Structures are given as structure tokens and as C-alpha cells.
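Taking it in order: structure first as C-alpha cells, then the write-up.
The values are calculated or read from the model by the stated rules, or taken from the named source; none is laboratory data. From a predicted model like this one, the values you see are computed outputs, not experimental measurements. Glycine also receives a Cβ, built like all others from the backbone with ideal geometry; neighbour counts cover every protein chain displayed. Only protein heavy atoms, including side chains, enter the accessible area calculation; ligands, DNA and RNA are left aside. Shrake-Rupley method; radii C 1.70, N 1.55, O 1.52, S 1.80 Å.
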Amino acid sequence: MGYELLSKWDSTRPYAEAALYHHLWYDEKGGYPREYTYKGNDNAILYQILTCADCLDAATDSVGRAYSSCKNFADMLADLHCNAGRMFNPDLVQLFDSEQLQQEAGRLITVEHEQLYREVFCKNVELVL
């Protein structure tokens, strides 16, 4: 559905394929859509980055994606390492061994998330009132 929606407009068409691929596992044995492959796709690394980012965001989000209980960042890092080579590109997961990246990603999914949700919530409340 995301692919179809993004394909409708010239301004979003370049991003349509990312919506299609970002749930495909690195080993292509899981995720979806199953009929797609990274082989020969020039943007494969971009989609694999999006997969890591989306999983980090979804797993650690306690507000915007409240369809499951959130994990803390340390637990999600352990999941990334556990699933490297299967769900996630192992070279990308290895980047998270950097303490600097861990600190920045941790800040983004805690402090920045909270600030963004607060800002969006307040704007929407103002629109309703």
C-alpha cells in the first residue's frame, strides 16, 4: 500500500521502492514481499539501512507505535546483533559497536522522539481547539 501511494506523485515516486523493500530481511528468507530480491538492486544498502532504522524505531517507540510494548535501546541492540546476517545486514549492525553511534541513536529514540511527539500532539490539540 505504501508503494502504491508513493508511486502516485512525481515528488514521492523516488521513495516508493523503499516502502516496498524495507521489510525484506537481509537473507531474503523472511520479511516481505517475498518475491523481491536485493540481488542486482543498486539501492539494496539503502533499503537495508531503512530496515535497521525502522526496526529500531518500532521496537523502542512507546507512543507512536503502541501496538506492542517497547524495548529499551540496549535490548534492541542485542536483537540487532542476534539477527545480524539474517534480518539485518551484518556490516550495518557492526557499525553499532561504535559507542558514539550508540549514544547518538539512543538520544534520537528517547529525547528526540519524546520532543517530536510532544510537538505534534500540541499542534494537533491546537487545531482541534
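A few notes on this one:
- Percent carbon-and-sulfur accessible area, the chain, ignoring ligands, DNA and RNA, probe 1.4 Å: 58
- Nearby aspartates and glutamates by direct alpha-carbon distance to Lys39 (threshold 12 angstrom, same-chain neighbours under 8 apart not counted): Asp27, Glu28
- Unit charges on C-beta of K, R, D, E only; dipole of segment 29-129, Debye: 360
- A Förster radius of 25 Å, combined with the Cβ-Cβ distance separating Glu104 from Ser7, puts the computed FRET efficiency at roughly 0.15.
- By a 1.4 Å probe calculation restricted to protein chains, Phe121 has an accessible surface near 130 Å², given to the nearest 10.
- In terms of its C-alpha gyration tensor, the chain has an oblate overall shape, because the principal axis ratio a/c (a ≥ b ≥ c, square roots of the eigenvalues) is not below 1.5 and a/b does not outweigh b/c.
- Protection proxy ranking for 42-55, 97-110, using the average of other Cβ atoms within 10 Å per residue and placing the highest first: 42-55, 97-110.
- Heavy-atom accessible surface of the chain, averaged per residue, reaches 68 Å², computed with a 1.4 Å probe.
- When you filter the GluC sites (Glu not before Pro) in segment 16-54 for DSSP loop state and at most 13 other Cβ atoms inside 10 Å of their Cβ, you are left with Glu28, Glu35.
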